[in-house]
Amino acid sequence: MKLMMVPLALLSLVRMDIEYLRDQPQWSLWGDRRHIHWDEEDHVWVNTNLRYEGWINADWEASIHHPKLRDDLLHGERVPVKKRIIVVFRNDFWRRQDDLPAVAAAFFAEQRSRRRLLLINVEQFSEQHERAWPHLGMLTVGTVAHEEGWDVGFWDELIQGPVALENLVEPGDVVGLSLVVTGMERGVELARQAKALGARHVIAGNDAAIFRAKQLLRIPDRPIDAVFTSNSTTAVRLFFREIQSKDLREIEIQDVATDADQAETRSNERSVLRLDLAREKNLRRAHAFDPMDGFTIPNLALYSPEYWERIWTFYRSAYGHKHADPANLRNATIHLAQGCTRTRGTDVCTYCTIYGVGDIRVPDEEYLARLAERYQAFGINYLYNVTDSAFEMRPLASRLRAIGFRTNGLIIYGRAQGLAAQRALLDDWMGLVSERLLINCGMDSGDDGMLHQGILKSSSSRGSRVGENRQAVRNLRDSGAHLHASLIFGSPGETVESCERTLEFTQWFADTLGPQLDLVESDLYWLNFGSPAGRVFRDYDYARELAARAGKDISPEDWRRDFGQHAEALSVPWSAQQAWYRRFTRIDDETAAEYRRRVVELMNRHPGRIKGREYAFKSPHET
Ligand code: B12
């Protein structure tokens, strides 16, 4: 009897995996690549080119007699691909370790460590921030790795506090660090700890890592082995597929850098974005551009129920009073489209450190329908769309309406220029919610000089940006939408008078909107690598231009001491931040801090405001 069990026990230790060979479709994927996308769920290509063919009408009539044709026209032609059967050892056996013979357990422990990914959202000031939103970036990477058969664990320092790696990392693990500006130094320390605990590889991604990939990979003791230098999920998928059988040095994947020289220079400076755009155009011409890269339907259940409960509890306590049924609020971040309409591909506000703003793409209805369905099925009823600026994306609003998209509430980013000029579009967005629409808008300043020259809020020099800010507020009031405004004190050329104008403007829109004004975040002008203003670390003439805006000048020695010497740093030192004020404004960081305090006081008198997010970010150095 016992002997009979062995083959069965052995059989229970393997699993048959099917690999779908995307590059081997069963029949040709004809037509324009933009209308062909991969269906992750059914593992087929979906070719919707039929919809775009001139002779569609004839087809439509004919299709009445040919259900397949009608189906292809309606839902796209579904093209299966060749498959490969892979026999893999079960990586969840460790949950059943107690019933395995010791030899097998040891053997499989080794197997298991080959495919465990631990993702960490690194945050060195976790106590400072609101903890009301899940980390969609980590979840997206985790979803892709999990689809490739990896066991994925998460730790979000923003939500869960500092991570104790010794409790989580096991020999052979891959540790993934999600790095934004407030996590760089700590991220490098955690990478060293993870290596000391036996992690096989430490990889990094997210905006700050993307903008400082070379610098991260140049660190002498190589704490970080690879940096993902874009938002590409194809790069993530290929990495977790190939690293199972290849050594890191053999890996050659676009946008995965394992060596500083390999890492592309990333920045929101126009000169760099122009190169990115040219590269994209060439890929499109060669039909090698995947318009759906970066769009992945997240597996929301990969985050634990405890993680979700923490977020929902925090959200309900901070924002609940703005909702009809706070007790049943289930909020989440969603990625409905990519890019910022302000950029037109190459022109970015001088302080912006969001990677990918020039990459503007809107997914098709079929994808949006599946995405909305996934969130609905998980019970999410309040969505924060993270698209850098979605308001003016008319195709997105119309596709959402076409698929019958509806949610209790929605947050989108919108530019004042768009809100002022496209009143009707506000009603379109309002039509997608049953309770509330919140527009997150960088109003930034009440001074035209700051908005036109300091921040370069728009590529058009015509008209008044402050006038647009005010018209945007009036349109929001009339539409019933709510506002989350952000302000900045310290743009190039800033003076006490321009700060006063910003304060006066804030009082005006608070009075104009009343309860429709939810919160105002005020900020210093943060100087970060990757922003157009980051050029100041490499370009003395640009520094002179900035100084001239404040009626000042800067000597080469002062420039080198204040900025030049930090060009290769991982993050911008506070001294350079203070020098920014000293050299390029007519105020200083303390005056800016004082105006931030006055905005907080103004909002503390505003009935129904959201508490706890007055300061977008307060550096520990700040008074
Ligand atoms: C939603 C959001 C939040 C939410 C949720 C937390 C979070 N970080 O997601 C909240 C409001 C809590 C938040 C807080 C903060 N945020 Co924030 N946030 C965003 C926002 C609007 C969207 C992020 C998002 O969900 N994108 C969509 C997902 C799918 O993509 P993703 O996160 O970029 O991840 C992709 C890639 O980067 C990559 N990736 C990401 N992580 C990893 C890890 C590995 C191992 C790999 C391989 C790949 C990888 O793969 C993902 C799929 O493509 C971005 C702006 C933007 N549009 O990116 C700012 C942004 C990321 N935030 C920023 C900052 C500074 C902060 C704060 C520090 C600010 C503050 N208030 O103090 C805090 C703390 C951040 C933290 N440690 O989490 C900055 C970062 C700037 C920079 N260059 O570093 C951004 C870019 C905004 C800005 N104005 O510059 N944020």
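In table form, for the structure just shown:
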item	result
√(5λ) per eigenvalue of the Cα gyration tensor, the stretch 140-297, largest first, Å	26, 18, 15
Solvent-accessible area of D23 with every protein chain in place, 1.4 Å probe, in Å² to the nearest 10	120 Å²
Under 18 Å from the Cα of K611 - lysines, other chains or at least 8 residues apart	K322
Share of carbon and sulfur in the accessible heavy-atom surface of the stretch 116-284 [1.4 Å probe, %]	51 percent
Two-decimal ratio, the stretch 491-579, of alpha-carbon radius of gyration to 2.2 N^0.38 Å	1.37
Accessible heavy-atom area order of R436, R394, R361, highest first, probe of 1.4 Å	R394, R361, R436
Anchor K281: aspartates and glutamates whose Cα lies under 14 Å away (excluding residues fewer than 8 positions away in-chain)	D290, D359
Accessible-area order (highest first, 1.4 angstrom probe) of the listed residues M292, M393	M292, M393
Relative contact order, percent, the stretch 388-538 [alpha-carbon distance under 8 Å, six or more residues apart]	23 percent
Å² of accessible area per residue within the stretch 116-284, as computed with a 1.4 Å probe and no ligands counted	38 Å²
Karplus (6.51, -1.76, 1.60) ³J(HN,Hα), θ = phi - 60°, over the stretch 143-159, in Hz, Gly and Pro reported as x	4, 5, 4, 5, 5, 8, x, 8, 8, 10, x, 10, 9, 9, 4, 5, 9
DSSP beta bridge pairing in the stretch 116-284, given as percent antiparallel to the nearest 5	10 percent
Area accessible to solvent at E365, 1.4 Å probe radius, in Å²	80 Å²
Per-selection Kirkwood Rh - the stretch 476-537 (Cα, Å, 1 d.p.)	13.4 Å
Length gained when the stretch R423-Q262 is fully extended (0.36 nm per residue, less Cα-Cα span)	53.3 nm
Rounded accessible area of R370 (nearest 10 Å², 1.4 Å probe)	40 Å²
Taking N as its residue count, the alpha carbon Rg of the stretch 407-538 over 2.2 N^0.38 Å	1.08
Partners for K214 among aspartates and glutamates (Cα-Cα distance below 18 Å; same-chain residues under 8 apart left out)	E185, E189, D225, E252, D255, D259, D261, E264, E269, D276, E568
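The values are calculated or read from the model by the stated rules, or taken from the named source; none is laboratory data. Treat the numbers as computed from the prediction; the structure is a model and nothing was measured. Surface accessibility is based on the protein's heavy atoms, side chains included, excluding ligands, DNA and RNA. Shrake-Rupley method; radii C 1.70, N 1.55, O 1.52, S 1.80 Å.
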